[in-house]
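Here's the structure we're looking at; comments come further down.
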Amino acid sequence: MNSKPRTFLVVDDFEAMRKITATQLRSLGVREILTAANGVEALRILKQQPVDVVLSDWNMPVMDGMTLLKAMREDPATTHLPFIMITAEAQRQRVQEAIAAGVSDLLVKPYTMERLTDRIDRALSRKPGSSRAASEIVAEVEQAAPARAELGRPTLLVVDDTPDNLQLIARLFKGEYQVRIAHNGTKALDICCSDSPPDLVLLDVMMPGIDGFEVLERMREHPSAEHIPVIFVTALSDDEFRVRGLKLGAVDYVTKPIDPEILQVRVRNFMRYIELHRQLQGDYDGMLEAARLRDDVEHITRHDMKGPLAGVIGLVHSLAADEQLNRKQVAQLRLAEDTAYQLLDMINLSSELYKIETGRFRLQAAAVPIGDTLRRIVELARASFAEKHLVIAVDVDRDVGLPPLQARGDAMLCHSLFQNLIKNACEAAPEGTRVSVALRDGDPLTVVIENKGAVPPAVRERFFDKFATQGKADGSGLGTYSARLLAEAQGGSIALEVSDANNQTRLTVALPRSETDRVAAT
């Protein structure tokens, strides 16, 4: 692990687990270790002092690991802090949720010290927001693939104080598994709680010193051993002992003298389950790498598109300044410039929409002159839909001489929000009809967009849902969906009204009024 001094925050609702994880970290050279029993305590610590890495259990009372992760990613002070989720979670959907929320790495229980070290190194080595070449990304994925595939043969630990029993069972399984043996409970605990614990334990009950029941109890108190399946192999055949063993967490109870064939079948059945569990870490690593690859490729694509587009904007701007051009030519160039700016906004917006969808967006609110935004969008719409001979009217409800109405939001998000809605209205409106855009003074501010053509009944209930579209050959169903997200991300709302009698559709967007505008109005 990187030798630079780091402060780690360990979050787990079990005190024993916090202490054991802290001990593991100290053995790796970590000196500054803070602990919290739940997400609420963790957030309190993060506000009070700097932390370099968070290791958190998933399932905790008060505030679980997922809620803690989302809260950290929404706070600019902790949004890029490495976060390692420790879990036995087997549902891919929940793991995908953690990846989408911005988890740095996932550590599947039970884990070895080697795997813990590897996950910490990976979390610390990845710089948030760094841009890498595509070849570097592919190389990283290819290097990780062999590590996921090389799971090795499962390890079976046989614990018995009788040498003959050890030899018999070891011979049964040495061709299929890596077999380790322990002559007593103390040795068994040393192996199970080590950095390389076994995958399955065949455990005798009656042994001198620490008996099998106590061994299992103490295993369940250690992170390296708490999830290891245990099969009791014992001469105690009474139901009382069988029930006690199963209550302690044993997965099976086999009585002596053993039937070798039956024992082999039982062990193989459990080893199949264990093999699936062992593959979870590799599967989750693959899911994380795929998500990171997607994010990196999108980042590179946005970066590579911005450069040429900025060049186009600069060229058009300089052409429009040429005094030899007539008014119509200048107007067309200005229209091309606005369109290029619109495309640049869309590129920037793509990353913001992903953050909104995954709950990682944080609004940096400012005063937005909504009237100016609406005028620019309507001007572009008139040019784009000239062949439909639409009358596209805009009314900003403000007397001349008064300061413009301002919303509290983000200028880029507002532009994309209304551009989507006005474009949809113009597409839906029949030729030669009227599309009206009206900004109404109030608190909140409201923008009403009306057009002829009623939204079909089949679409109305899911009008703002993702991929909801009808009647458009090339429609994606994302325009109104993204508009809803953009409105809600700014603390606003959006509503649909349809009049079949008038064959009309009305969309009403409400946005918070800017504080400065509110003061000026009073």
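Here, each number is a calculation from the coordinates, and none is a lab measurement. The model shown is predicted, which means the values in this text are computed figures rather than measured ones. Heads up, the Cβs are rebuilt from the backbone with ideal geometry, glycines too, and the neighbour counts pull from every protein chain shown.
The table below lists the values:
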quantity: For Val394, distant residues with modelled amide H under 5 Å away; calculated: Val437
quantity: For peptides 194-200, 327-333, 418-424, sequence by mean Cβ density within 10 Å, most packed first; calculated: 418-424, 194-200, 327-333
quantity: Alpha carbon Rg of the range 158-284, scaled by the compact-globule rule 2.2 N^0.38 Å; calculated: 1.00
quantity: Debye intensity ratio I(q)/I(0), log10, the range 217-264, q values 0.15 Å⁻¹ (C-alpha model); calculated: -0.43
quantity: Using θ = phi - 60° and Karplus 6.51 cos²θ - 1.76 cosθ + 1.60, couplings along the range 64-71 (whole Hz; Gly, Pro as x); calculated: 7, x, 5, 5, 4, 4, 5, 5
quantity: Greater than 24 Å apart at Cα, pairs in Lys355/Lys452; Lys70/Lys109; Lys47/Lys70; Lys388/Lys423; calculated: Lys355/Lys452
quantity: Global form of the range 358-521, assessed from the alpha-carbon gyration tensor, a/c cut-off 1.5; calculated: oblate
quantity: Anisotropy class of the range 7-128 from Cα gyration tensor, a/c 1.5 cut; calculated: rounded
quantity: Neighbourhood charge, 14 Å Cβ-Cβ cut-off, centred on Ile45 and excluding it, Lys, Arg +1 and Asp, Glu -1; calculated: -2
